[in-house]
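Written below as structure tokens is the structure these notes are about.
The values are calculated or read from the model by the stated rules, or taken from the named source; none is laboratory data. These figures come from a predicted structure and were not determined experimentally. Because the Cβ atoms are built from the backbone with ideal geometry, glycine has one as well, and the counts that use them run over all protein chains shown.
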Amino acid sequence: MDRRLGVSGGLFAMMMFLVQASEPPRYPCGDPKLVSQGYDGFRGIVRDIGDSVTIIVDLDEQPPWSDSMAVCSRKWCIVHLVNLLAPTDPTAAALGKRHLVDLCKGKRVWLSVSPVQDIPGILNALALTESVSLNEAQLAAGFARYRSMGPYAVDWVTECEWKRAEAQARESRVGLWRIN
């Protein structure tokens with residue numbers, strides 16, 4: 001019995017390989033390129049940590065809108081990691097604060113301002129270092145809980161990714177999920 005595919009069989013196999021190799025990557029939360037929501041943003045350096053979901057940032061420059069929002073001084077800003085709740089357990093809260101210190105204190109961050117601002121005097125934002133989303137890192141380590149602040153607080157892909165990070169932390173019993 002001849003095991004060769006022949007010309008047509010070989011072409012078919014090659015086409016199937018190319019189709020599989022050219023498939024776009026699969027994202028469990030949807031393709032982030034389809035997100036149409038944008039964020040205003042600015043940079044600074046993390047001066048201090050308030051708790052497991054709050055950072056104090058020295059600004060590189062004053063954001064043009066900060067006077068009207070009355071949440072940032074000319075030189076610094078208190079930032080709440082949007083859509084996160086700090087642990088209420090004192091042990092988890094202390095560990096969460098320590099984790100955030102290790103992640104970002106003294107480091108440059110990019111703050112993407114959420115369109116939802118519900119805490120007077122505090123800026124709700126997504127915070128990113130050069131390589132880490134602080135919001136997602138706190139959820140993944142089990143040092144924050146996810147809470148929705150309503151539609152458009154964050155985009156739908158980010159919301160899905162953060163919910164998945166919290167679910168994985170809960171399932172793995174890390175951070176506050178180990179303590180509670």
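Observations on the model:
- Boolean, Gly38 is under 20 Å from Glu159 (Cβ atoms) and either outside any helix (DSSP H, G or I) or at pLDDT below 55 (or both): yes
- Criterion (at pLDDT 90 or above, under 27 Å from Pro63 (Cβ atoms) and surrounded by fewer than 20 Cβ atoms within 10 Å (Cβ to Cβ)) met by exactly one of Arg147, Arg98: Arg147
- Asn83 at pLDDT below 95, within 19 Å of the chain's Cα centre (by Cα) and either under 25 Å from Pro28 (Cβ atoms) or surrounded by 14 or more Cβ atoms within 10 Å (Cβ to Cβ) (or both): yes
- Complete set of residues in the stretch 74-108 that are free of Cβ contacts under 8 Å to residues at least 24 places away in the same chain and polar (S, T, N, Q): Thr88
- Within the stretch 72-99, being in contact with a strand residue (DSSP E or B) (Cβ under 7 Å, 6 or more places away or on another chain), farther than 23 Å from Glu161 by Cα and in a loop (DSSP other than H, G, I, E, B) holds for one residue alone: Lys75.
- The residue of the stretch 159-180 that is surrounded by the fewest Cβ atoms within 10 Å (Cβ to Cβ), among those that are of a type outside the set (D, E, K, R) and in contact (Cβ under 8 Å) with a residue 40 or more places away in the chain, is Asn180.
- Here the stretch 54-71 is the region considered, the condition is being in a loop (DSSP other than H, G, I, E, B) and touching a Lys or Arg at 6+ places or on another chain (Cβ under 9 Å), and the residue that is modelled with the highest pLDDT is Asp60.
- Which numbered condition Ala144 fails, given (1) free of Cβ contacts under 8 Å to residues at least 24 places away in the same chain; (2) touching a Gly at 6+ places or on another chain (Cβ under 7 Å): (1)
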